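Report on the structure given below.
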Amino acid sequence: MNYQTDHAALKRFWYPVLPIAQLQDGPKAFTLLDEPLVLWLDQEGKPAATQDRCCHRSAKLSIGQVIEGCIRCPYHGWEFDPQGACVRVPQHPDRPIPSGYKINAYPCQERYGYVWVCLEPPLQDIPEFAEATDPNYRLIPGFWETWQCSSLRLLENTLDIAHIPFVHNQTFGDERSPVPPDYDLIEETDTTVHVRSLSPARNRPLMQKAMGVDEARVVRVRDLTWIMPFTAKLHLTFGNGLISIMVAIASPINARTSQIMTFYLRNDTDTPAEDVRAFYDAVAREDKALLEATEAIDQQAFCPIEQQNMNSDKIGLLMRRRFSSLLERYSLLPQCGK
Amino acid sequence: MLATSQPILRRFWYPLMPLVELEQGPQAFTLLGEPLVLWLDAQGNPAATLDRCCHRQAKLSTGKVIEGCIRCPYHGWEFDPQGACVRVPQHPDRPIPSSYRITAFACRAHYGYAWVCLEEPLDTIPEFPEANDPHFRLIPAFYETWNCSGLRLMENAFDHGHHHFVHNQNLGDKHNPIPIPYNQLRETERGIYFQSILYTYNNPRLQKSVHLEQETLEVQREVEWYLPFGMRSRMEFPNGLVHTVVMYATPISDSSSQIVRFYFRNDAEADTPATDAIAFERPVLNEDKAILEATDYDAPLDLSKEQHMDTDKPGIMMRHKLSALLKSHGEVESCRA
């Protein structure tokens, strides 16, 4: 992906940047799409996000302190409110504060236990998951960690079923059956792609514990939804009625680095959360090792014709086409290399 | 301003290294992006040349000093302090071609340091009055690399507005954030000057350095800045003790500086061990370092790019002086894209 040109479109989506619990003990830094941010909690406990540079002498506000819901610069103590306005200059307490004393502030809200930020006016809301508000489901927080791969590469991986027998051979894949099943359903909207397939899996001990199924082989109904730009919802239905959902979001730190956030939604109550996490975690380790060994997706991401593709790449291509039309709509489509 | 992109900065003297370090053998130092090798010649005077042999580009700083010349570690060619090759051991009987030479730079010993100027000097190394006064001793205090630009460092040293926040337990008034005014703040030929009274919290480390016990001290301070990255701060305490700090932020690159900081004091080692005089400043410098390394090294001279307040006057004057220097030599400020 050419982040030089595509940042403008990607800045118009919400991304989870950090667990809100991490702000309890002070401000934190996070870089989103190359933009260094400081995050903190205001007086009502709501998260705030601004640029991580004071407008006075450029010090990082993230090493400052939160004072009555405002972020105080560590250098000269200027204080900024969640809207980015300077509200206190301790050296001149009796003078009006010039209107030029301000920093960029960004829309910020809490959802699913995370702080979400959007750098430009949002094109759509934070993704809704019906199960997250359904009393028959519980939400299990997953992991939050940095992966050295581009966000698009990660999403493409989530949509790709052909890698499962190879990359996940130690968790649920079966390299003796490398031919991927056909898709039974493909549904698209402007910003989503939903596919359904039957997904055979080798049921090794980690999955047995996580899913409460004993047979050596299981066939799950796999509903995968991609939500623009970097959200995947993997909805698995097991023969015993269990529904196990993983939501994974790759927040783009820069062109080559992503912050991965996951949580799980389950319609059971008896499986310990640690067992659920242990299985998904083991699968994620396999993906991480592979993805960190790929090249960052660059301009070619939007020029599918330039790449070598096979049938099972279809869904990844649909995703790329959706991206292309989004960028086209905002006149941001990069020129593909010859 | 990106220091390595302003050629005029190559025409100032900078202290690079304590001479005692050169007694151990040749040393490397990067000045304004230029890799240098420094060594002591046969008379014990420091010499500075490019840190690349003209033959196959080996770093001379990993070589040896032989009779006051630097010997390349690769083929043993030897270069004198003027950069001329004076020995090619493979051809001892042939005349040495005049093109066998490396670029040498003006280099002088002063105040216990090797000073270098990369081009025709525009200034001189400052003569500090304490240096010729027998009542004063010189104490080398700090020599370390900070990842920030020289302008940020110089401005910080002159800024009364940050003491309360950055040095709350170590320097300045820990109760009152309103800064002390600068008196007689003015431009000088080579920089700026001001005086002030500094009310400072007298923590136990400072007590050991100045031998005063009251909780708050009134210090008479006289401060000078020397273009581009040098300063002197004379502090006189109520008991007559004078503690003068000289500091240079020698520019290594656009984003890093070598802190060269030494003192003149009118007391003796028996009164105050040098380690006690230095110990007071260690936490103060650590506090400044943490903040300055969290600033953007590309400190703009253009005043419209940052916001300012009254206590920034010295820093604003530094920006004016630097802008005028660039302008008078046909340069414009270079900034990161």
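Some values worked out for this structure:
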read-out	value
Where a residue in the range B:282-299 is free of Cβ contacts under 8 Å to residues at least 60 places away in the same chain and its partner, wherever it lies, is small (Gly, Ala, Ser), with Cβ under 8 Å and at least six apart	B:Ala294/A:Ala59; B:Asp296/A:Ser58
Subset of the range A:85-104 [of a type in the set (A, V, I, L, M), within 11 Å of chain B (Cβ to nearest Cβ) and surrounded by fewer than 21 Cβ atoms within 10 Å (Cβ to Cβ)]	A:Ile97
The range A:125-154, subset buried (at least 19 other Cβ atoms within 10 Å of the Cβ) and of a type in the set (Gly, Ala, Ser), residue modelled with the highest pLDDT	A:Gly142
Restricting the range A:62-78 to residues that are facing chain B (nearest Cβ under 9 Å) and outside any loop (DSSP other than H, G, I, E, B), the residue that is farthest from A:Lys102 (Cα to Cα)	A:Ile63
Out of B:Ile125, B:Ile66, sole residue that is farther than 30 Å from B:Gly230 by Cβ and at pLDDT 95 or above	B:Ile66
Contacts under 8 angstrom Cβ, first residue in the range A:279-295 being over 15 Å from A:Ile164 (Cβ atoms), partner among the acidic types (Asp, Glu) and surrounded by fewer than 20 Cβ atoms within 10 Å (Cβ to Cβ), 6 or more apart	none
Every residue from the range B:125-140 that is in contact (Cβ under 8 Å) with a residue 24 or more places away in the chain and within 20 Å of the chain's Cα centre (by Cα)	B:Ile125, B:Pro126, B:Phe128, B:Glu130, B:Ala131, B:Arg137, B:Leu138, B:Ile139, B:Pro140
Considering residues of the range B:266-320 that are over 23 Å from B:Thr4 (Cβ atoms) and among the polar types (S, T, N, Q) only, the residue farthest from the other protein chains (Cβ to nearest Cβ)	B:Asn266
Index of the failed condition, A:Asp268 passing every other in (1) more than 23 Å from A:Pro19 (Cβ to Cβ); (2) modelled with pLDDT of 95 or more; (3) under 24 Å from the mean Cα position of the chain (by Cα)	(3)
Search result, residues across the range A:179-209 that are among the aliphatic types (A, V, I, L, M) and closer than 27 Å to A:Ile126 by Cβ	A:Leu185, A:Ile186, A:Val193, A:Val195
Single match in B:Ala48, B:Ala58, B:Ala3, B:Ala84 (criterion: surrounded by 21 or more Cβ atoms within 10 Å (Cβ to Cβ) and within 15 Å of B:Ile102 (Cα to Cα))	B:Ala48
Residues that are under 20 Å from B:Thr244 (Cβ atoms), more than 14 Å from every other protein chain (Cβ to nearest Cβ), under 25 Å from the mean Cα position of the chain (by Cα) and touching a residue at least 60 places away in the same chain (Cβ under 8 Å), drawn from the range B:176-209	B:Leu185, B:Arg190, B:Gly191, B:Ile192, B:Phe194, B:Arg205, B:Leu206, B:Ser209
Those residues of the range B:121-164 which are under 23 Å from B:Met1 (Cβ atoms), part of a helix (DSSP H, G or I) and either within 14 Å of chain A (Cβ to nearest Cβ) or β-branched (Val, Ile, Thr) (or both), in sequence order	B:Leu151, B:Arg152, B:Leu153, B:Met154, B:Glu155, B:Asn156, B:Ala157, B:Phe158
Qualifying position, being away from chain B (no Cβ under 14 Å), surrounded by fewer than 16 Cβ atoms within 10 Å (Cβ to Cβ) and touching a strand residue (DSSP E or B) at 6+ places or on another chain (Cβ under 9 Å), among A:Pro122, A:Pro82, A:Pro107	A:Pro107
The range B:310-337, residues that are modelled with pLDDT under 95 and either part of a loop (DSSP other than H, G, I, E, B) or in contact with a helix residue (DSSP H, G or I) (Cβ under 6 Å, 6 or more places away or on another chain) (or both)	B:Arg336, B:Ala337
The range A:36-56 - residue that is within 14 Å of chain B (Cβ to nearest Cβ) and closer than 26 Å to A:Ile260 by Cβ and, of those, surrounded by the fewest Cβ atoms within 10 Å (Cβ to Cβ)	A:Pro36
Selected residue (only one of A:Ile140, A:Ile186, A:Ile97 is among the hydrophobic types (A, V, I, L, M, F, W, C) and in a loop (DSSP other than H, G, I, E, B))	A:Ile97
Meets criteria (within 19 Å of B:Gln82 (Cα to Cα), over 16 Å from the mean Cα position of the chain (by Cα) and in a strand (DSSP E or B)) for B:Ala42	no
Matching residues, the range B:102-116, being assigned to a strand (DSSP E or B) and surrounded by fewer than 18 Cβ atoms within 10 Å (Cβ to Cβ)	B:Ala104, B:Ala106, B:Arg108, B:Ala109, B:His110
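Listed here are the residues, each with its yes/no results for (1) more than 23 Å from B:Leu19 (Cα to Cα); (2) at pLDDT below 95; (3) in contact with a Lys or Arg (Cβ under 8 Å, 6 or more places away or on another chain).
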{"site": "B:Ala47", "(1), (2), (3)": "no, no, no"}
{"site": "B:Asp51", "(1), (2), (3)": "no, no, yes"}
{"site": "B:Ala58", "(1), (2), (3)": "yes, no, yes"}
{"site": "B:Ile70", "(1), (2), (3)": "no, no, yes"}
{"site": "B:His75", "(1), (2), (3)": "yes, no, yes"}
{"site": "B:Cys85", "(1), (2), (3)": "yes, no, yes"}
{"site": "B:Pro92", "(1), (2), (3)": "yes, yes, no"}
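The values are calculated or read from the model by the stated rules, or taken from the named source; none is laboratory data. Not measured: the values here are computed from a predicted model. Ideal geometry is used to build each Cβ from the backbone, glycine not excepted, and the neighbour counts take in all protein chains shown.
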